[in-house]
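The values are calculated or read from the model by the stated rules, or taken from the named source; none is laboratory data. Keep in mind that what you see is a predicted model, and the values were worked out from it rather than measured. Neighbour counts run over all protein chains shown; Cβ positions are idealised from the backbone, glycine included. Only protein heavy atoms, including side chains, enter the accessible area calculation; ligands, DNA and RNA are left aside. Shrake-Rupley method; radii C 1.70, N 1.55, O 1.52, S 1.80 Å.
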Amino acid sequence: MKRMLGHAAPPKQPRGRKPATIDWPTDVGPVRLLSVAPPIFLSGIPYKQYLGIAEPFARRHGKARAGFIIFPTWSIERRGVPEAIKRNFAQHSERYPNHRLRFICNTSEETKLLVDLGLPAVFLNKNFMVSDRMFRPLPEIKVEFDAIYNARFIPEKRHELAAAIPRVGYIAYIDVEDRRREQFRRLHQLLLAHNPDHVLLNALADDLPATMSHDQVNAALGRGAVGLILSEVEGSSYASMEYLLAGLPVVSTPSKGGRDVFFDPEYCIVCEPDPAAVRDAVAELRARNIPREVVRARTLAKIQPERERFLVMVDDLIEELGGERRFSGATWPFGDVSGVPWRLLETHLAEFAERLRASDGA
């Protein structure tokens, strides 16, 4: 789940209408520094920054050897997007021949779109980056809600599909934009006015939800029996993996973006986008009463081989850039942070510079 206010995925445009001109941010994005020497970054595609942090890194460090593993933060199954990625890749590779760029995609279709354009892409859904140290079952917490829905209060998340469920707990976070603040206030008031047993679990400040830490989110998940994920299009959705690692079964609607890659039909139901269908799916999963440790263990079994593939990819890049392999076969080394944090790209680059200085002085 992205915690940085104001840097969530862009809104969908209405079908059949030419999108309005939007001043897309170019200074923020999700990045994890995987290796300092040689530099290797895991970086999302924020808005139209199709190569993530690769271009900002190049502007600061020129043609220094570096590797970048790049993933979509939103479905790239959209007209013109794969081609835009290809153009940016070709231009960057020509200008910075010492950079190595690889793509990991959240769905097989996304992978095919990039591979068909000659790009180095593999199907490797980034939800394996969610921390199983932070998200885990908490048996001491009492279940109070039929379902938990962890999502921004915006129209795209379709909170109205949860309306028929008797008891729902909501976890929210918002953008700093005025329109998003007003959307939250309007949708929150409307939803709770019609559903007195639905509760926002965030504290409120000026009628807006306070951001929750990962530990607070995990504790909130423990209060629900089922996790909800109801949007039509997004990215791979960290929330869906957070549910599973916390031991919650999941009710989803059909979607693009890859959130269903680690689903299991025993404890995940993909139902029609209809309030009655969502309610019935929640009731069915509650009736199955699958132990949370079973959901978690089976999810970990699914993501473990993907983590191993990822570590091999990182080591391959390290070796290609002149370093020595050090991750393959190791215990998962990236569980101290969950997901890939969104920050100012300058902040990510400053972190790299600080760690580089520290390694040089060691």
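Numbers below:
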| read-out | value |
| --- | --- |
| Listed residues Ala246, Gln304, Asn289: farthest to the positive end of the dipole of region 236-362 (Cβ charges) | Asn289 |
| For Val28, residues with placed amide H under 5 Å, excluding near neighbours | Leu345 |
| Rg to Rh, two decimals, where region 22-77 supplies the alpha carbon set and Rh follows Kirkwood | 0.98 |
| Accessible surface of Met212 - all protein chains present, 1.4 Å probe, nearest 10 Å² | 20 Å² |
| Accessible surface of the chain [probe 1.4 Å, protein heavy atoms]: carbon and sulfur percent | 51 percent |
| Phi-based couplings in Hz for region 55-63 (Karplus 6.51, -1.76, 1.60; Gly and Pro marked x) | 5, x, 4, 5, 5, 8, 10, x, 8 |
| ³J(HN,Hα), Karplus 6.51/-1.76/1.60, whole Hz, each residue of region 258-264, x for Gly, Pro | x, 5, 8, 4, 9, 6, 10 |
| Per-residue HN-Hα couplings for region 191-198 [Karplus 6.51, -1.76, 1.60; θ = phi - 60°; Hz; x = Gly/Pro] | 5, 6, 5, 9, 9, x, 9, 9 |
| For Gly67, residues with placed amide H under 5 Å, excluding near neighbours | Ile40, Phe41, Arg100 |
| Isotropic mean projected area of the C-alpha convex hull, the chain (nm²) | 18.7 nm² |
| Amide proton proximity set for Val199, modelled H, under 5 Å, gap of 5+ | Val168, Gly169, Tyr170 |
| Accessible area in square angstrom per residue, region 161-234, 1.4 angstrom probe | 42 Å² |
| Of Cys268, Phe71, His61, farthest towards positive along the dipole that unit charges on Lys, Arg, Asp, Glu beta carbons give the chain | His61 |
| Translational diffusion of region 166-221, µm² s⁻¹ [Kirkwood Rh, Cα pairs; Stokes-Einstein; 4 °C; 1.567 mPa s] | 109 µm²/s |
| Charge dipole (the chain, unit charges on Cβ, about Cα centre) - positive-most of Leu101, Ile318, Val36 | Leu101 |
| Candidates Asp316, Asp27, Asp206: whichever shows maximal mean-square fluctuation once the chain is modelled as a Gaussian network with Cα springs under 10 Å | Asp206 |
| Mean Cβ neighbour count within 10 Å, used as a protection proxy, ranking 287-299, 253-265 highest first | 253-265, 287-299 |
| Accessible-area value, Ile174, 1.4 Å probe, nucleic acids and ligands omitted, Å² | 20 Å² |
| Calculated FRET value between Ala276 and Val199, using beta carbons and R₀ = 25 Å, to 0.05 | 0.70 |
| Set of region 134-162 residues, backbone N closer than 16 Å to the point 7 Å along the Cα-Cβ line of Ala210 | none |
| Size of electric dipole in the chain: Cβ of Lys, Arg +1 and of Asp, Glu -1, about Cα centre, debye, nearest 20 | 560 debye |
| Convex hull volume per residue in cubic angstrom - Cα atoms of region 232-362 | 141 Å³ |
